[in-house]
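Encoded as structure tokens, the structure appears first; notes follow it.
The values are calculated or read from the model by the stated rules, or taken from the named source; none is laboratory data. The structure displayed is predicted, hence computed values, not measured ones. With ideal geometry, Cβ positions are generated from the backbone for all residues, glycine too; neighbour counts draw on all protein chains shown. The accessibility values were calculated without ligands, DNA or RNA, using every heavy atom of the protein model including side chains. Shrake-Rupley method; radii C 1.70, N 1.55, O 1.52, S 1.80 Å.
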Amino acid sequence: MAESSILAIGLFVFVLAAVLALGVAALFDIQSYLIDFIDFLPDLFIATLIVIVGLILADRAELRVAERLGNYKFTSTGALGLVPGVVKYSVIYIAALVALGQIGVADDALIVLLAAYVFGVVFLGGLAGKDLLAAGAAGTYLLLNQPYAIGDEVRVDDMHGVVQEVDVFVTHVENDGEEFIIPNHRIFRTGVVRVR
């Protein structure tokens, strides 16, 4: 930490000395740059406040979403542990875009950046989680229609055993020596045989 502060102070002194040297050499008008900088300070201050508030809101949003999802059983699989992080970084990203707009970055560039972010989160996230989404949709169907229940003896493909647990993403089936954790989309696709 001390090395980074010494480096920052050294960099500040170097930049200040370079600006003063250029002013003394009359290569540019320090006074006009100083006036422009002073006019820019309120915008910089507001942008800094926006980033700070965005960081605080992002942490609170992450905690709120994690608490809300913690009430549901299906989050115990760890599959939805990603959602609070996406919410947090989305809030930070939007705060950064607003702060950049405050200091004068072109609005068109900010809209392109926001569109790229939304594309990345929605489209690429959907591609990465398509099996998870398929398992969730199949699990919701299975939970609503209940073609089998806990305690039923079932056969899925070459797996045979007694249903121990059914949640949104997977079904746990046990036999004498093995436990099968079967993704619900596989059960939905291949079907299940209840043994009577």
* Asked: How large is the helix-only mean residue ellipticity at 222 nm for the chain, computed as the sum of -39500 (n - 2.57) over DSSP H runs with n ≥ 4, divided by its residue count, in deg cm²/dmol to the nearest 500?
  -> -21500 deg cm²/dmol
* To do: Return a whole-number percent for the relative contact order of the range 102-196, with Cα pairs under 8 Å and 6 or more residues apart as the contact set.
  => 25 percent
* Structure fact -> P(r) over all Cα-Cα pairs of the range 47-196, 10 Å bins from 0 to the longest distance, whole percent per bin, short to long, reads 11, 28, 24, 17, 12, 7, 1, 0
* Tell me, what % of the accessible area of the chain is carbon and sulfur with a 1.4 angstrom probe? -> 68 percent
* Which is the longest stretch in the chain that no exposed loop site breaks, taking sites as chymotrypsin sites (Phe, Trp or Tyr not before Pro) with a DSSP loop state and at most 16 other Cβ atoms within 10 Å? -> 73-196
* Structure fact -> Averaged per residue, the 1.4 Å probe accessible area of the range 130-176, protein heavy atoms only, in Å², is roughly 55 Å²
* To do: Compute the long axis of helix 82-102 from its Cα atoms, compare it with the longest principal axis of the Cα atoms of the chain, and write down the angle in degrees, 0 to 90, nearest 10.
  => 20 degrees
* Do you know the relative contact order of the chain, to the nearest whole percent, from alpha carbon pairs under 8 angstrom that are 6+ apart? -> 14 percent
